[in-house]
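Remarks on the structure that follows.
The values are calculated or read from the model by the stated rules, or taken from the named source; none is laboratory data. Worth saying up front: this structure is predicted, and the values here are computed from it rather than measured. No Cβ is skipped: glycine too gets one built from the backbone with ideal geometry, and neighbour counts run over all protein chains shown. Note: areas computed on protein heavy atoms with side chains; ligands, DNA, RNA excluded. Shrake-Rupley method; radii C 1.70, N 1.55, O 1.52, S 1.80 Å.
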Amino acid sequence: MLALPTWAVSAPADPAATAAPGSIGSTAQTGKKPMPELPSPYTPNYTRGAVPPQGGQPPDLAYGAYQKGQYVTAFREATKRIEANPKDAAAMTLLGELYNQGLGVKQDPVKAADWYRLAAAQNDPSAMASLGLMALDGRGMPKDPKAGRRWLEQATSQGSPTAAYNLGLILIGTGATADEAAAAAQFRKAADAEIGPAQHDLGVLYLQGRGVPKDPSKAAELFRRGADNGDLASEVEYAILLFNGTGVTKDERAAARYFLHAASRGNAIAQNRVARLYAVGRGVAKNPVEAAAWNLAAAGQGLSDAWLDQTLSGLSADERSRAERLANERIEQR
């Protein structure tokens, strides 16, 4: 019977997915310092960088169009709003988003930064968060890490959870033990706002006892919430803890369900784990063809497994053909 309790600490890095289990940020597996990236106001198809004003008012035409993907209409309506009210920060931020991502208009980071600055002058936290990331990356302006951090700090103080998360990534990226507690505090702000990547990273800190007391139960709860919010790394971490009974009641069947879901979303580590479960019949019924198919899918992403290759070497030609067909179908569905 295959021994599995060391998954959380010995799993090979997954080069094609988000953070590998036990790591913080998606660059941890490369040895580089994590930098702000998720969630980012200029991540492709990201639609939370501009937030409509609250106050019980019906959705306005500009943001309604933006949320429906009607970007030309959103641009036109936001422009009308600013003509009527030159201090309409939410409309300025929306124009910044449209220029930043090239939605309905030609992409222009410089114009985006100009609109964000105008909105930031009106204390719009989303605009401040965007300016911080742009300054860190040198997008639409000269690269300036100090200015970027100041913008993120201001956005955080104004209640932006994404800014808090990215500020936490900067702090954890310094490598200084003294910054870990501060990073945990920022991750917690974002985690409380149900931002999945922040829940994952705070969970890792609780799992490792960095910046917070070591607490596998809190880590498991954070990973579960992160998984519920669609964070792939959280899903894999929670499956690992479920399988091993770390910080949560051991449940191999539930762990297998989480691994299967993450595997279907293209996570190579989860694909490898599912293959092992099918190979030995733990949490799922033993099925060598499924094991081989998931092993091939993981290997296609660079995650090979000599033990599985040896264990599954006795498959018939027909079984191998079926496994290859399943693997190709799953790869094409990604």
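General remarks:
- Entry remark, the stretch 109-124: residues being more than 20 Å from Q70 (Cβ to Cβ) and open to solvent by less than 70 Å² (accessible area, probe 1.4 Å) number 6 in total.
- The number of residues in the stretch 139-179 being farther than 16 Å from A127 by Cβ and hydroxyl-bearing (S, T, Y) comes to 3.
- Out of A184, A155, A193, sole residue that is among the small types (G, A, S) and out of contact with any Pro (no Cβ under 6 Å at 6 or more places or on another chain): A184
- Flag for W294 being more than 30 Å from the chain's Cα centre (by Cα), under 11 Å from N272 (Cβ atoms) and not small (G, A, S): no
- One residue from G209, G173 being open to solvent by less than 20 Å² (accessible area, probe 1.4 Å) and of a type in the set (G, A, S): G173
- The stretch 114-136 residues that are closer than 14 Å to L95 by Cβ and in contact (Cβ under 8 Å) with a residue 24 or more places away in the chain, paired with ones that are among the charged types (D, E, K, R) and open to solvent by 10 Å² or more (accessible area, probe 1.4 Å) (beta carbon under 6 Å, 6 or more apart): Q122/K87
- Qualifying residue in the stretch 258-278 (condition: under 26 Å from the mean Cα position of the chain (by Cα), open to solvent by 10 Å² or more (accessible area, probe 1.4 Å), hydroxyl-bearing (S, T, Y) and under 30 Å from E194 (Cβ atoms)): yes
- The set of residues in the stretch 212-249 being surrounded by fewer than 20 Cβ atoms within 10 Å (Cβ to Cβ) and under 21 Å from A275 (Cβ atoms) consists of N244 alone.
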